[in-house]
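Reading through the structure tokens given below for one structure.
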Amino acid sequence: MTIASKTLKQFNLRHTNGREEVLDLFLNAGRALAHHDVENGLGPAHDRVTIYRTLRTFLDKGLLHKVLDDEGGTKYALCRETCADGHHHHDHIHFKCEACGQTTCLDDVVIPVITLPKGYDRKETNLLIQGVCQGCNQ
Ligand SMILES: [Zn+2]
Ligand SMILES: [Zn+2]
Ligand SMILES: [Zn+2]
């Protein structure tokens, strides 16, 4: 059994080739992918709507999380083991490289505690740091 099909099983998701291929893409990428990255990675046999639904399902189930991009678009990245159905548990930062354009999860770098004024309820915190990544710095 492949890692992707094992993961689908673990998250109680029905196995389809499309789901497995999308998940594989993320497992191999090691970085955040935009919708068009997924489309390009899968080839013309996959239609946009199915890809969109698959990403949506993965988000809901805790396999993927959203990564905000400086260009206003949304990217998606794999969650770590700690996320489950409807619950995302991570406060890591995201790094966007200006040289290669890739956005990566820095899983071990945690967003510091931010205190909000009275009357503001925090739901989600996103922190994007831009600069030059390790790979491009060499
Ligand atoms: Zn998550
Ligand atoms: Zn880079
Ligand atoms: Zn992330």
Exercise. With (1) without any contact (Cβ under 8 Å) to a residue 12 or more places away in the chain; (2) loosely packed, with under 12 Cβ neighbours inside 10 Å; (3) not hydrophobic (A, V, I, L, M, F, W, C) as the list, and R53 as the residue in question, which single condition is left unmet?
Worked result: (2)
Exercise. Which of the residues spanning the range 70-82 are at pLDDT 80 or above and either in a strand (DSSP E or B) or more than 12 Å from the chain's Cα centre (by Cα) (or both)?
Worked result: G73, T74, K75, Y76, A77, L78
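Considering the range 31-62 alone, what residues qualify as being among the small types (G, A, S) and at pLDDT 90 or above? Show your work before the answer.
Applying the first criterion (among the small types (G, A, S)) to the range 31-62 yields 32, 34, 41, 43, 45, 62.
A32, A34, G41, G62, listed by residue number.
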Exercise. What's the number of the condition R19 fails, among (1) in contact (Cβ under 8 Å) with a residue 12 or more places away in the chain; (2) under 22 Å from D108 (Cα atoms); (3) part of a helix (DSSP H, G or I)?
Worked result: (2)
Exercise. Residues in the range 97-138 that are part of a strand (DSSP E or B) and either closer than 27 Å to T7 by Cα or open to solvent by 100 Å² or more (accessible area, probe 1.4 Å) (or both): how many?
Worked result: 8
Exercise. Going through the range 109-138 one residue at a time, which ones are within 16 Å of ligand 2 (Cβ to nearest atom) and within 23 Å of K75 (Cβ to Cβ)?
Worked result: L128, I129, Q130, G131, V132, C133, Q134, G135, C136, N137
For this session: Only residues in the range 88-116 that are farther than 13 Å from I129 by Cα count as the first member; pair them with residues that are part of a strand (DSSP E or B) and open to solvent by 30 Å² or more (accessible area, probe 1.4 Å), Cβ under 6 angstrom, at least 6 apart or cross-chain, and list the lot.
Result: D91/V110
For this session: Report the residue count in the range 77-96 for those that are aromatic (F, W, Y) and open to solvent by 80 Å² or more (accessible area, probe 1.4 Å).
Result: 0
Problem set entry | Condition check for A4: surrounded by 17 or more Cβ atoms within 10 Å (Cβ to Cβ) and not in a strand (DSSP E or B) | yes
Exercise. Do we have any residue at all in the range 65-73 that's open to solvent by less than 50 Å² (accessible area, probe 1.4 Å), closer than 16 Å to R31 by Cβ and more than 14 Å from ligand 1 (Cβ to nearest atom)?
Worked result: yes
For this session: State all residues of the range 117-126 that are closer than 18 Å to I93 by Cβ and either at pLDDT 90 or above or among the basic types (K, R) (or both); if no residue qualifies, say none.
Result: R122, K123
Exercise. Within the range 27-50, which residues are in a helix (DSSP H, G or I) and open to solvent by 50 Å² or more (accessible area, probe 1.4 Å)?
Worked result: L27, N28, H36, N40, R48, V49, T50
Problem set entry | Single residue of I129, I51 found to be closer than 27 Å to E21 by Cα and away from ligand 1 (no atom under 11 Å from the Cβ) | I51
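The values are calculated or read from the model by the stated rules, or taken from the named source; none is laboratory data. Keep in mind it's a predicted model, so treat the numbers as computed, not measured. With ideal geometry, Cβ positions are generated from the backbone for all residues, glycine too; neighbour counts draw on all protein chains shown. For the accessible areas, the whole protein counts, side chains as well, though only heavy atoms, and no ligand, DNA or RNA atoms are used. Shrake-Rupley method; radii C 1.70, N 1.55, O 1.52, S 1.80 Å.
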